Amino acid sequence: PDLLESEHSAVNSLSELKSEAEHCRRCDLYKNATQTVFGEGSRDAETVLVGEQPGDKEDLAGRPFVGPAGIVLDRSLAEAGIERDRCYVTNTVKHFKFEPRGKRRLHSKPNAGEIRICSWWLRSELELIKPKIVVALGATAANCLVSKAVRITKDRRRIFHPEGLPPVLVTIHPSYILRIRDRDQADIETREFIRDLAEIRKFL
Ligand code: URA
C-alpha cells in the first residue's frame with residue numbers, strides 16, 4: 001500500500017492524534033482550508049470507513065461526511081444494518097482542496113504527494129483503533145490502502161489483505177451516486193452500494 005510508514009506516533013490516544021493534526025503543515029493544503037477534518041468515532045470501532053477528502057460542508061463543520069455524500073453514506077449504512085455511530089469515519093486526506101469558482105468552492109482531487117504525506121495520519125488512526133475491517137470508499141482510499149492497481153468497477157466488494165493493515169473492503173464513493181442523473185440508475189447503484197456495505201457484517 002501507498003501508506004506512509006508511521007514511525008509510531010508518540011501519542012497513544014485518538015484525541016491527542018486529532019489535536020496534533022489540527023496544526024498539520026506537512027503539505028500546503030492547510031493554507032486554504034478552514035480547518036483539519038480529522039476522523040470521528042469510537043476508539044473501539046470495529047469498522048473504519050475511509051473516504052477521499054473533506055468536501056465544502058465538512059471543511060466548514062470540521063467533521064467528516066456531514067454533507068450530501070454523508071447523507072447517502074448514512075442512509076446506505078442503515079439499510080445495510082450497520083450503525084454509523086459504531087463506526088469510525090475518516091478520510092485519506094484531512095484538508096479540503098478546492099478551486100474557487102465565484103462564490104463556490106469546487107472540489108479538486110488531491111495529488112499523489114498530498115495523499116502520501118497525509119496517509120501518515122490514516123495509518124496512525126488505524127494503528128490505534130485496530131479495526132476488524134476497513135472500508136475504502138472510492139479509488140483514492142483504495143489506491144492508498146491497497147494498491148494503485150485497484151479499480152473500483154472490477155474490484156468492488158472484494159476484500160484485500162495489505163501487509164500490516166486490517167482487511168480492506170473496496171466499494172464506490174457515495175458521491176458517485178450523487179452524480180448519476182438518471183433516477184433508476186441511481187437507485188440501482190444505491191442498492192449495489194448497500195450490498196457492498198453489508199459485507200462489513202461478516203467481519204463483526
Ligand atoms: N467526501 C469524502 O470523501 N469525504 C468527506 O468527508 C465528504 C465527502
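The values are calculated or read from the model by the stated rules, or taken from the named source; none is laboratory data. Remember, predicted model here, so these are calculated numbers, not experimental data. FYI the Cβ positions are ideal-geometry reconstructions off the backbone, even for glycines, and counts take in every protein chain you see. These accessible areas exclude ligands, DNA and RNA; they are computed on the full protein's heavy atoms, side chains included. Shrake-Rupley method; radii C 1.70, N 1.55, O 1.52, S 1.80 Å.
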Which loop-located GluC sites (Glu not before Pro) does segment 1-66 contain, where loop means any DSSP state but H, G, I, E or B and the Cβ has at most 10 other Cβ atoms within 10 Å?
GLU5, GLU7
Sort out for me the Cα centre separation of segment 46-73 from segment 81-104, rounded to whole Å.
3
Once you list every other residue whose beta carbon is under 13 Å from the beta carbon of VAL66, what net charge do they have if Lys and Arg are +1 and Asp and Glu are -1?
-2
Size of segment 30-82 along its principal axes in angstrom, Cα-based, largest extent first?
39, 25, 16
Relative contact order for the chain: what percent, with Cα pairs under 8 Å and sequence separation of 6 or more?
26
Along the dipole axis of the chain (charges at Cβ: +1 for Lys and Arg, -1 for Asp and Glu; origin at the Cα centre), the most positive-end residue among ILE180, LEU60, LEU126 is ILE180
Can you list the HN-Hα couplings for segment 48-63, worked out from phi with the Karplus curve (6.51, -1.76, 1.60; θ = phi - 60°), rounded to whole Hz and with x for Gly and Pro?
10, 9, 10, x, 8, 7, x, x, 3, 5, 5, 4, 6, 7, x, 9
Taking the solvent-accessible surface of protein heavy atoms with a 1.4 Å probe, what is the per residue accessible area of the chain in Å²?
52
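Using the scaling law 2.2 N^0.38 Å as the reference, what is the normalised Cα Rg of segment 14-203?
Numbers: Rg = 15.6 Å, N = 190, 2.2 N^0.38 = 16.2 Å.
Against the empirical 2.2 N^0.38 Å value, I get 0.96 for segment 14-203.
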Per residue of the chain, what 222 nm ellipticity follows from adding -39500 (n - 2.57) for every DSSP H run with n ≥ 4, rounded to the nearest 500?
-11000 deg cm²/dmol
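Determine the share of the chain's accessible area contributed by carbon and sulfur atoms, expressed in whole percent, with a 1.4 angstrom probe.
The computed percentage sits at 48.
With +1 on each Lys and Arg Cβ and -1 on each Asp and Glu Cβ, and nothing else charged, work out how big the dipole of the chain is about its Cα centre, in Debye to the nearest 20. Kindly include the intermediate steps, with their values, before the conclusion.
Numbers: 34 positive and 31 negative charges, 118 e Å.
Dipole about the Cα centre, nearest 20: 560 debye.
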